2 protein chains.
Amino acid sequence: MLGSSIQCRHSINRQVWGTVLKPVKVGICGLGTVGSGSVNILLNNAEEITRRVGRSIVVEQVGARRDNPECDLTGINITRDIFDVVNNPEIDIVLELIGGTSIAKELVLTAIENGKHVVTANKALIAEHGNEIFARAEEKGVMVAFEAAVAGGIPIIKSIREGLSANKIEWLAGIINGTGNFIMTEMSEKGRDFSDVLAEAQELGYAEADPTFDVEGIDAAHKLTILASIAFGIPLQFEKTYTEGISQITSEDVSFAHELGYAIKHLGIARRTQNGIELRVHPTLISYKQLLANVNGVMNAVMVKGDAVGPTLTYGAGAGALPTGSSVIADVVDVARTLTADPTNRVPHLAFQEGSLATTTILPVEEIESGFFLNMRIQDRAGVLANITQILSENGISIESVIQRERNGGDLVPLVVMTHTVKEQNMNAAITAIEELPDVAGKIQRIRVEHLA
Amino acid sequence: MLGSSIQCRHSINRQVWGTVLKPVKVGICGLGTVGSGSVNILLNNAEEITRRVGRSIVVEQVGARRDNPECDLTGINITRDIFDVVNNPEIDIVLELIGGTSIAKELVLTAIENGKHVVTANKALIAEHGNEIFARAEEKGVMVAFEAAVAGGIPIIKSIREGLSANKIEWLAGIINGTGNFIMTEMSEKGRDFSDVLAEAQELGYAEADPTFDVEGIDAAHKLTILASIAFGIPLQFEKTYTEGISQITSEDVSFAHELGYAIKHLGIARRTQNGIELRVHPTLISYKQLLANVNGVMNAVMVKGDAVGPTLTYGAGAGALPTGSSVIADVVDVARTLTADPTNRVPHLAFQEGSLATTTILPVEEIESGFFLNMRIQDRAGVLANITQILSENGISIESVIQRERNGGDLVPLVVMTHTVKEQNMNAAITAIEELPDVAGKIQRIRVEHLA
């Protein structure tokens, strides 16, 4: 009977795989925020995790330049040379938690050479060197997991790669940098200026002394690159991601947007279109009717639209020792479960089988389609608005809303125009022409508007 | 070198597991909403799915009482006896999509006896018979997956069971019935009465002719039972879930709650406390500041608080052919990947290893702690409010807000009191005493308030 032959195979399998019940041994490289968070979770939740996995996860060795007072390393084998960890024959899984793209890359490749699986939180490493790393890991038959690299504790990688595996993903849009979202939230709720809020963010530890990676969108672009690859099945192409920061957003922009019913968020957007794939990070107006517009402070959220499931949103802590550690250890659990699985049957690194990645074009930003919010200063004279709307019309741009204010001292008045969706190159041409009008002063502030249809 | 021995094992494994690249054969039982959605996804997204899984998923046979015009069954082997499907030796995975708890139970157990894996969308079956089904599946070494049973297309089961596997889950709270949420949304946005909106919901197909399962919270209780088991590692205990429907909520309740800054939603709440586990479905006030309060229409959302990740929220379509089909097929993909995995290394059915399920007490509802919203009619006389607040105080209940309205014809005025958190049995005692006061007319409407701290 089919039933009993399954039983027999089961018993045989238990004998062959008798070793699977041994503890899984992890080596941790890096004891910064994420490293200490990961250690603390493994120690504090050891019982809960073992109840789930059916085997214990042991910290075999930690490599770190210095101890971290945030975690108790009593009894743990510590080395000051992180390469000891990747060369330690006892270790099954290496946690790369040092960050950066030079030593971390060498560390990860060495771990792979040594047949060790890797769990990382390093978005820059995966975004910039993931293609090479995954190719090497495929050849060696080891896993490289990176849930913690995007949106901290939110299991978004798993959600897209596995939970939504039946869908063609149409687009995704995310608030995936907590620093930027903290700043935009403060500007919105309190009417403050960017540089003022940035200073506070730095004091609170939400922004680095050099905040460029965060406020200029590079960190978000790293993460978006990864999300787009697992959603669309394309190689990682960080260098093609259009990246624009939030440092030019004014409190006046925020106030006008609010008046029109929109929040300004620093969004990463990836969209599949007939002509290619959009990959872009930039300040974006989104309607307050969208849940995403109401995600505030340092929290992250990612909306994904699948052709079967429709729109989904996942929200949670995008950074921090414990939230990020939560994703690191979830990955360790996943890897532990698949240690003895046929490598051909594992979830592929980029969600799609090697060899079936698509060569879809990544669109240059001039080709993307978006609504636009324009904030300009004009002379308060007859015919100015007519000239402007004429130029818009000539470029195929239709208007959704206009705010024009009364004069408030001086000659210039603010004029805000929100357009319907149009190709960016048309908007660029219109902006150039409008800026040349004698009655338009200086440069026009241009912020994209996303309707997430 | 370690590297080359991994390579060798890899080649050997490919030879041993050469069969894994064969198509996976599924049998579908039921061609209703979910059945037709699942078929359509498999047909329309065949290429995308194969790109992900590395093997094709073939509909080997469909068992259904009648064809469904919503899907193209050309070339598919159809039988009018669903038991043909579970007895078909060619089939690897059975999709149980007929619903109900009698024939469906027999069908699933037969599939398991025959060594077939099962994917189901049947929340009632899992909630009421899951313990027995999983025990049988464990013995037979087969998988039973049920992502589609809770919150439609949202991969919440996978999220809690795997994405948050490093956490002790503290609580979860969800809008997990689209009918109830549609009704509460309409009552809120348009000031309508319950029975009026219910009638419209039935016309639109959002509610059944007999709407009891939905509006009385039984469907939500099935789903909550499942969520609580995978979150806390307890056996499924549907019969212990406190269930209260929304049919007694008035438009006046909704209006007063709104005035206090709260939405009324039909929530399922599961919380781990020192004294035991709370499992309850009932109308609930939640602050508009919570994202959950802003989830409207037929959409679902589940908030989960883990001790490492903090609060998370997942939102999406909770029902419908394609959203539910999305989760069914995602489960098929998961099962397909683990067909040859060591059964001891698979994700356990209830997220926790068999034998390590906890025997934690499920608290009777009198033991739960909650805030309360009280809506009553009182005589407009001196001392009434003092009597009421005296009774509350005697029962250890402190007041958060009060709304008292002027007389509007007649002797009675509305009085609304919102309390701080208190044990339910204390509130019950206070309500009994207040209702006995001569100046209080009739019964007091009592709705729980949740702060999701």
Fill in the blank from the handout: Residues in segment A:265-278 that are open to solvent by 10 Å² or more (accessible area, probe 1.4 Å), touching a helix residue (DSSP H, G or I) at 6+ places or on another chain (Cβ under 7 Å) and away from chain B (no Cβ under 14 Å) total 2
Exercise for the section: Give me a count of the residues in segment B:126-151 that are over 19 Å from B:A270 (Cα atoms), touching a strand residue (DSSP E or B) at 6+ places or on another chain (Cβ under 9 Å) and at the interface with chain A (Cβ under 10 Å from one of its Cβ atoms). Expected result: 1
Practice task
Taking the residues in segment B:66-75 that are open to solvent by 30 Å² or more (accessible area, probe 1.4 Å) and touching a residue at least 24 places away in the same chain (Cβ under 8 Å) as candidates, determine which candidate is nearest to the chain's Cα centre (by Cα).
Solution key: B:E70
Exercise for the section: Within segment A:125-143, work out how many residues are closer than 30 Å to A:T179 by Cβ, touching a helix residue (DSSP H, G or I) at 6+ places or on another chain (Cβ under 7 Å) and open to solvent by 10 Å² or more (accessible area, probe 1.4 Å). Expected result: 2
Practice task
With respect to B:T432, determine if the residue is within 21 Å of B:R271 (Cα to Cα) and outside the structural domain of B:Q248 (by TED's automatic domain parsing).
Solution key: no
Exercise for the section: Restricting attention to segment B:44-61, report how many residues are open to solvent by 10 Å² or more (accessible area, probe 1.4 Å), within 19 Å of A:G310 (Cβ to Cβ) and either of a type in the set (A, V, I, L, M) or not assigned by TED's automatic domain parsing to the domain that holds B:I76 (or both). Expected result: 0
Problem - Those residues of segment A:346-400 which are over 20 Å from A:Q425 (Cβ atoms) and of a type in the set (D, E), in sequence order - result: A:E354, A:D380
Fill in the blank from the handout: Cβ pairs under 6 Å, 6+ apart or interchain, first in segment A:295-323 and surrounded by fewer than 24 Cβ atoms within 10 Å (Cβ to Cβ), second part of a loop (DSSP other than H, G, I, E, B) and of a type in the set (S, T, N, Q), ordered by first then second residue, are A:D307/A:N167
Handout entry: Wholly within segment A:16-128, helices (runs of 4 or more DSSP H) carrying at least 2 residues that are closer than 23 Å to B:V347 by Cα
Key = A:33-44, A:46-53
Practice task
Please work out if A:F232 is farther than 22 Å from A:P323 by Cβ and either surrounded by fewer than 24 Cβ atoms within 10 Å (Cβ to Cβ) or more than 14 Å from chain B (Cβ to nearest Cβ) (or both).
Solution key: no
Exercise for the section: Identify the single condition in (1) in contact with a Pro (Cβ under 7 Å, 6 or more places away or on another chain); (2) more than 9 Å from chain A (Cβ to nearest Cβ); (3) at pLDDT below 85 that B:S56 does not satisfy, given that it satisfies every other one. Expected result: (3)
Fill in the blank from the handout: Checked segment A:162-179 for anything within 8 Å of chain B (Cβ to nearest Cβ) and surrounded by 24 or more Cβ atoms within 10 Å (Cβ to Cβ); matches are A:E162, A:G163, A:L164, A:S165, A:A166, A:N167
Practice task
Residue by residue through segment A:235-258, note down the ones that are within 15 Å of the chain's Cα centre (by Cα), surrounded by fewer than 20 Cβ atoms within 10 Å (Cβ to Cβ) and closer than 21 Å to A:R161 by Cα.
Solution key: A:Q237
Problem - Verdict on B:R381 being more than 19 Å from the chain's Cα centre (by Cα), on the phi < 0 side of the Ramachandran plot and without any contact (Cβ under 8 Å) to a residue 60 or more places away in the chain - result: yes
Completion exercise
When A:E186 is run through (1) within 13 Å of chain B (Cβ to nearest Cβ); (2) surrounded by fewer than 24 Cβ atoms within 10 Å (Cβ to Cβ), the failure sits at (1)
Handout entry: Given (1) crowded, with 24+ Cβ neighbours inside 10 Å; (2) touching a residue at least 12 places away in the same chain (Cβ under 8 Å), number of the condition B:E113 does not satisfy
Key = (1)
Handout entry: Sole residue being at the interface with chain B (Cβ under 9 Å from one of its Cβ atoms), touching a helix residue (DSSP H, G or I) at 6+ places or on another chain (Cβ under 6 Å) and closer than 23 Å to B:L339 by Cβ, chosen from A:V333, A:V328
Key = A:V333
Exercise for the section: Select from segment A:305-325 the residues that are of a type in the set (V, I, T) and more than 7 Å from chain B (Cβ to nearest Cβ) and list them in ascending order. Expected result: A:T324
Handout entry: Yes/no for A:F134 being under 29 Å from B:P155 (Cβ atoms), in the same structural domain as A:L339 (by TED's automatic domain parsing), in contact (Cβ under 8 Å) with a residue 12 or more places away in the chain and aromatic (F, W, Y)
Key = yes
Exercise for the section: Quick one: count up the residues across segment B:224-254 that are within 30 Å of B:V413 (Cβ to Cβ) and assigned to a loop (DSSP other than H, G, I, E, B). Expected result: 7
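The values are calculated or read from the model by the stated rules, or taken from the named source; none is laboratory data. Note that the coordinates shown come from a computational prediction; the quantities given were computed from them, not determined experimentally. Positions of Cβ are generated from backbone atoms using ideal geometry, with glycine treated the same way; all protein chains shown enter the neighbour counts. Protein only, heavy atoms only, side chains kept; ligands, DNA and RNA dropped before computing areas. Shrake-Rupley method; radii C 1.70, N 1.55, O 1.52, S 1.80 Å.
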